[in-house]
Structures are given as C-alpha cells and as structure tokens.
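Notes for the one structure printed next.
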Amino acid sequence: MQIINSTIPAQNLSRFQVRRSSFKYQMSPLNPSAAKISYFRPATAAVDGTRRHLANLDKLLKKTDTPAKVEPEPVFKDPNKGSVMPIKGKGLLEGLNLARIWPEMRAAEDMSPRNLNRLQRLLSKTVEYSPRNALGRRWREYHGCNDWSGLLDPLDENLRREVVRYGEFVQSAYHSFHSNPAMSLNEAPLPRHVALPDKSYKVTKSLYATSSVGLPGWVDEVAPDLGWMTQRSSWMGYVAVCDDRREIARMGRRDIVIALRGTATCLEWAENVRAQLTNIPTDTNSSDPKVECGFLSLYKTAGAHVKSLSESVVEEIRRLMEIYKGETLSISVTGHSLGAALALLVADEISVCSPTVPPVAVFSFGGPRVGNTAFANRITSRNVKVLRIVNSQDLITQVPPVTYSHVGTELRVETKMSPYLKPNADVACCHDLEAYLHLVDGFLSSKCPFRANAKRSLVRLVHDQRGNMKKLYMRKVKDLSLNPELQMLGCLPSPS
C-alpha cells in the first residue's frame, strides 16, 4: 500500500480513496474478506464489475494531469540474497499478477455469465448436433480422397460432424458389449441387438475376436468369479449399412460402417502386450510388412463357435457389395484403442478383397502404433485413407516403441483445450472415447482450440469423468440440477 500511495499524484488521491471505498463493497475478488460472488446476478455480473474496477484503477494509477517529478524506480529487496531488484512491468496491476494472488479471480473469468449459460445449455440438452449438411459431390473429400487436405486446420464443420458420428458408432459397440459380455462355451452366439445412434443405418453382421492364448488353469481356482473376463472369444463390433434414401442422398453414396470397440477382457489385455513384430501375408509389391503379434492374433484366430474377425468381415463386405452392386458405395472402418488397431488390419485386407472394392477410409480414435514402416507403406499403396484422431496427452497413442510406425493423417486435440476438463486429467480420461468426442466437437483450429458454440452434451462426460472435471464446473452442475438424466446417472443429488 505504501508503494501505491507514493505513485499517486496528490490531485488524484481523493479520487482514488473514493474508488477504493466503493471497490470494497462490490464483493470483488480483490477484497478477500468480502462475501462470495454470486454468479447469478442478472444485470451486474461480478466479473464485469471486477474488470471495470481493474481498468479504472489501472488508468487512475497511470493518469497525471500535470508533469510530475520523476520518482525513483520502485525496488524490491530480496531478504535471502540481500540484493535489490527493480520492479518491472507495463503497469503496477500487471506486475501484481492478481490472478495468482487470488485464484478466484481466474475462476470468476472461467465462470462468466456467458460460460454459465453455455454450461446450462449443454446440460439441459442431451442431444444436439452440429449441422449435417449435404455432402453431395464432395463426399470423397470428406472420406479422405485428398488425405483431408485443407479440412483439418481449421476443422471443417462437415468433417467435424462426420468424425463425431463415426465415434458414436464405436460407442454403440461398447454399450452393446457391456450390456451382455458373456458368451456360451457350448453353442454359437445368438443374434445381438445394437442400438445405433444413427437410425438410418441397420446392423447386418456381428463381429467376434478370439485370443490365441489362454490363462493358466490356476486362475480359475484363485479367482473363480472372473466369468466373461477370461473368455477367449468376445463380441467385438459390427457391420452396418445405410438403409435410408434421404441419408444416402445427403451423403452422396451408400455408406458401409465397420465399428470396433476397445480392450475389455483379460485375454485382450494379454494380447495387447505381445508387442513383438510378426510377418503378415504379403504380395509382390510389398517388402516384409510386419504388425504386432497380439493384434494379428485377435484378428486371425477363430473361436470354437465363431469365425475369425478377418474371415467374418471379408465375407460380409463381399456379400454387401453383391447386394448393392451398381450403387455408389463407401466403406468406413472406425475403432477406438484396440479397435483402432484392428481397424487398420481390417482396412488393409478388405481393400484388396475384390477388384471393384469401393473407397476405404479409417477413422481411428486413440489408436496405438500397429506395424512397421513397410506395413504403413502397404496401407498407403492400397489407397486406404486413414484419419487418426490423437489426444496429445493420451499415452496409448505413443506405444509400441519407435520400431513401429503410425499410418495416415493426424487430427490432434488436447485435453487441456477443454474449458471443462482439468488440464492435468488422468491417463484414463485422456484415453476415454467420450472425452475424445468432446474435444473433437469443440476443436476449431490450432489458433482457437475450443469453439464457443460447441454442441455436444456434457451429460456423459460429467458422468464418466466427474473426477477430471474442473471443480468450479462440478459445483455449478450441482447448483443447476437441470438434467434428470444426470440425477439418474448419479452425477447430481436428487431434489428433495
């Protein structure tokens, strides 16, 4: 305070004292003894008041009506070193770094009335999508014919919607599996219902993956209740085809989707860590392509009552190509985590399963490296287009080691871009599929990482990642208590 008074011209001192007294009673974060800010004041928001006070105070400190005697530069003496250092900066308030002294100032900015309204909108509307415009003749661009050149930074709004849509197909695979994960050891599985997010598609085939390794017998004795976690064959995903004429017209073609979930069972985890490279069948144009042993095992191994993933998917694609012969088709393979790795193996094989195979594109989320450089080159030579959606903070996208090579074009997002997630969110959050879709829906460009008009609901994100949500927003979620679905999911207290 002594430094402040010494820098104020005498003619302005009374004005500063008036401002200072009024400052105290505006419940500003500059006065820690004041009551907490009410974020719901409709006309005079605390944030606007704080900003006005800071601006006026800064102007007042700089303003001089008459030339004043040059004051010595304020100094700071370090008690530990005994040295004297000048205080530098454009303005005194800037040097104070008030956001550091009172962190609630930064919190007040984060939860401005505009942000509060946005939070209320995203919690009260569980289904709201970005516009689904007609793709028409440009569908091949959005399917990657030019490797998505010019569409990623800034992110094209049509491509954003398509990427989120393919991610939701993978979410359906997760939900369908976890609703009934167990498989019979004695008979073939029954047809499975899959609730698709896009009602214009219909499921035509269930896909299964089988591990070539088994757990030792003593595991059942030590942990007899693991159940489906130890089964060798598991439902992995599905094939679906667009069956709605209006949607076909909007997209410019009939789309075939292959959606694959990520790791769920113990044996799938065991296959994930079998990281040695192994040869895969090659042709005369490829030189020694290799992929991770565990991924290839899950892809090529048949179960007791189910075909291998490889055999099932190729058989179904050939069948659908025959049914819709003469139509404009596309094949979109999408997966998350382990499903993203298997998606590359699927795309590699189906791209040559017929002389007239339609364009093949992969939309992968949080996928690991799958094979060596020769395998990546083979994927490219077969004209398979790959869009990898990668979270910079997702460790799974950084393994296996450098002897492996990534494939395709990258769309990079970051957890710390989100205004709702903690910048230091844990490993599980950074790899979570819903967090990926949240980040893609919000991504605008590398210069403006999160758009203000993001559409995706926060309901699922709050439910799955409430421990990784910023505390300020979680408090407001509880205060708002807007969405019955949140209460059903256990995110909010039920109203009394």
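The values are calculated or read from the model by the stated rules, or taken from the named source; none is laboratory data. Everything numeric here is computed off the predicted structure, so don't read it as measured data. Quick reminder, even Gly has a Cβ in these numbers, built from the backbone with ideal geometry, and neighbours come from all protein chains shown. Just so you know, the surface numbers come from the protein's heavy atoms only, side chains and all, with ligands and any DNA or RNA stripped out. Shrake-Rupley method; radii C 1.70, N 1.55, O 1.52, S 1.80 Å.
A few points about this structure:
- Leading residue by the ranking (most open to solvent (accessible area, probe 1.4 Å)) among those in the range 450-474 that are closer than 24 Å to THR334 by Cα and touching a strand residue (DSSP E or B) at 6+ places or on another chain (Cβ under 9 Å): GLN465
- Matching option when the condition is among the hydrophobic types (A, V, I, L, M, F, W, C) and open to solvent by less than 10 Å² (accessible area, probe 1.4 Å), among VAL333, VAL352, VAL314, VAL306: VAL333
- Scanning the range 317-330 for residues that are surrounded by fewer than 24 Cβ atoms within 10 Å (Cβ to Cβ) and of a type in the set (Val, Ile, Thr) turns up ILE323, THR328.
- Checking each residue of the range 180-194 against the condition of being part of a helix (DSSP H, G or I), surrounded by fewer than 20 Cβ atoms within 10 Å (Cβ to Cβ) and in contact (Cβ under 8 Å) with a residue 12 or more places away in the chain gives no match.
- Qualifying positions in the range 365-374 - part of a strand (DSSP E or B) and either at pLDDT below 95 or touching an Asp or Glu at 6+ places or on another chain (Cβ under 9 Å) (or both): GLY371
- Looking only at the range 319-351, and only at residues there that are among the small types (Gly, Ala, Ser) and assigned to a loop (DSSP other than H, G, I, E, B), the one that is farthest from VAL241 (Cα to Cα): SER337
- Restricting the range 204-220 to residues that are assigned to a strand (DSSP E or B) and open to solvent by less than 50 Å² (accessible area, probe 1.4 Å), the residue that is farthest from MET236 (Cα to Cα) is THR204.
- Number of residues in the range 289-337 that are among the acidic types (Asp, Glu), out of contact with any Phe, Trp or Tyr (no Cβ under 9 Å at 6 or more places or on another chain) and touching a residue at least 12 places away in the same chain (Cβ under 8 Å): the value is 2.
- Close pairs (6 angstrom Cβ cut-off, 6 or more residues apart or separate chains): farther than 14 Å from GLY408 by Cβ in the range 132-153, part of a loop (DSSP other than H, G, I, E, B) anywhere: LEU135/GLY252; GLY136/GLY252; TRP139/GLY252; TRP139/ARG253; TYR142/LEU135; ASP153/SER445; ASP153/SER446
- Some residue of the range 422-440 being under 23 Å from ASN158 (Cβ atoms), touching a residue at least 24 places away in the same chain (Cβ under 8 Å) and open to solvent by 50 Å² or more (accessible area, probe 1.4 Å): no
- Candidate set from the range 231-279 (those that are in a loop (DSSP other than H, G, I, E, B) and among the β-branched types (Val, Ile, Thr)); member that is least open to solvent (accessible area, probe 1.4 Å): THR265
- Restricting VAL390, VAL357, VAL362 to those that are at pLDDT 95 or above, β-branched (Val, Ile, Thr) and either assigned to a loop (DSSP other than H, G, I, E, B) or farther than 19 Å from GLN171 by Cβ (or both) reduces the list to VAL357.
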